[in-house]
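Structure first, then comments.
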Amino acid sequence: MTSSARIDALVTWALSNGAVLHADVQVYQDPATGFSFQVKSTAAQPLAGDYSSPVVRLPAALSLSYLNAISPETPDNPGVPLSEAIIRPGGGDGATIPPHILGRLFLIKEYLAGPCSFWHPYIQALPQPDEASAWILPPFWDEDDAELLEGTNVEVGLARIRADLRADLATVQSALRRLSSSKGIQEEEETNQRLADQFRPELYRWAYAIFSSRSFRPSLVLSDEQIRLLPPGVSTDDFSVLLPLFDIGNHDMTAPVRWQRCGGIAGGDSGVVSGCELQTGRAYQPGEQVFNNYSFKSNAELLLGYGFMIPATESLHNDYIHVRKRTAGAGGGGGGGEAAPTTSEEYLISARPLSDPSSVLARGKLPAVAAGFDVDQAAAITPAFQHVQPDMVWDIFTSIAPGDAYRQLIPVDSSDGGNDGRGDDEAAADRQRRLLLLTGRVAGPCLPYFAQTAAIIQNKVMQELERLNETDVEVDEEDRARLTPYQTLALQYRDSCRVVLESTLEMMNNDETLAAAMEAMEAE
């Protein structure tokens, strides 16, 4: 079946099962981005950019996730669930396999079911397991290719993902072996038998890649009815969700979009089936591609999780180094599952200054920095901190100032946004202190701490650059012609890391406020 026939089958299936595609939008094959949404060239007017009319609406019943793996087959859940022997391999009240693993196994089971699967038109439109070049991610690269990422800040994440996958596979294979050897295997439903008989590690890697590159957070897209089906102990973000047709939209981090949950009351007057809509806040002309937005993700995150990067332009760059926080109680594994849901485990260092409008991701974090601070004031940040996430600066400063000494080091009064130092007033005063520190408006006893904060950041950047240099690879023009696509991608990422680190150091070396602080320290 040709790729166009596969996508036609997907669209026909989705629409026949309640999905809605905007009348002026079609799915087409873009040479650069593959299957994509596009405003029809015959459209009489632009696609409105006021969130008023959804690009696509997907009924909840068409989604594919962990919920399908554990829920009985019904009209709203057309798939046969996974065998209880797989879900709970220890039997009885034993522990279940983690939700994210069960979701991937369910996708594999439905793939192996072929045309018998309700989701077959969707699954056959995905990159297939034997089309590895279409879905392979850095964790699955050959050693020669992956070696080029050594010394970069994705090296740790790459190792963690590979370790997690090894553990996942051990869990899955153990459960399937027990199922295959049990006397009850002949009594199992056919698709579960097929899963036990035909499972192979390559299928799990494929399922991982599909979920990694195409799925959505349940808390953002699942209906209330679906969320209520979660068993005790399973939270909405312990797994991810595939949304057929909805996932056609390609990523543009500047595209204003909403994932709007809709409907939800059976028999209600609205007549809208529960599900999720993709709404756009950008107008598109006839013939233009219509984009989704996967949220702010750096090129490091896109490379590991999606297998691509966003090239830098004058108006947008996406090159950032991720630096892990050193906080009390932080685990060494780096898994997001154990972190507080509202707390990032990492800081970002940017290739371009925060004052540059093209630093979209970093500038998006600025409004929360200090009272009254917004992107228009980014130019006021002192050069030493222009490439660094403001939280990193503040956290280092307050960690080296003993106790609450930072409040005496940067005094503020009521006219500066502080008040009596209690409750909300204290928080407002601290936000004002952040602003003064970031803009270099400190003096006296604070100058050594200002200089030490910058020195710690500078030291970290130099360490990262040293790691990169130690693993550097020289490739001449003749060798570049023989590189695999993955090697080319890895070298591009290495080059971007170098730009981030070197530009940060250059800006720090040109900071007159920092130079004055260093001189003051030496004078003492």
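Numerical summary
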read-out: At 0.890 mPa s and 25 °C, Stokes diffusion of the chain via Kirkwood alpha-carbon radius, µm² per second; value: 95
read-out: Burial order of peptide ranges 69-75, 7-13, 99-105, 427-433 (average beta-carbon count within 10 Å, highest first); value: 99-105, 427-433, 7-13, 69-75
read-out: Probe 1.4 Å - accessible area at TRP119, Å² to nearest ten; value: 0
read-out: Cut-off under 5 Å, modelled amide H: who pairs with PHE35 long-range; value: ASP30
read-out: Rounded to whole Hz, the Karplus (6.51, -1.76, 1.60) HN-Hα couplings of the range 146-159, x for glycine and proline; value: 5, 4, 6, 8, 5, x, 8, 6, 8, 4, 5, x, 4, 5
read-out: ³J(HN,Hα), Karplus 6.51/-1.76/1.60, whole Hz, each residue of the range 517-522, x for Gly, Pro; value: 5, 5, 5, 5, 5, 5
read-out: Potential extension, ARG217-GLU155 segment - 0.36 nm per residue separation minus Cα distance; value: 19.8 nm
read-out: Pairs of lysines in the chain (C-alpha under 22 Å apart; 8 or more residues apart or interchain); value: 6
read-out: Residue-averaged 222 nm ellipticity for the chain, from DSSP H runs of 4+ at -39500 (n - 2.57), nearest 500; value: -12500 deg cm²/dmol
read-out: Prolate/oblate/rounded call for the range 86-181, Cα gyration tensor, a/c under 1.5 rounded; value: oblate
read-out: Cα gyration tensor shape of the range 195-270, rounded if a/c is under 1.5, else prolate or oblate by comparing a/b with b/c; value: oblate
read-out: Relative contact order of the range 196-244, pairs being alpha-carbon contacts under 8 Å that are 6 or more residues apart, as %; value: 46
read-out: Protein accessible area in the chain, 1.4 Å probe - carbon and sulfur %; value: 49
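The values are calculated or read from the model by the stated rules, or taken from the named source; none is laboratory data. The shown structure was predicted, so the numbers you read here are calculated from the model rather than taken from an experiment. All Cβ positions, even for glycine, are placed from backbone atoms using ideal geometry, and neighbour counts span all protein chains on display. Heads up: the accessible areas ignore ligands, DNA and RNA and are worked out on the full protein's heavy atoms, side chains in. Shrake-Rupley method; radii C 1.70, N 1.55, O 1.52, S 1.80 Å.
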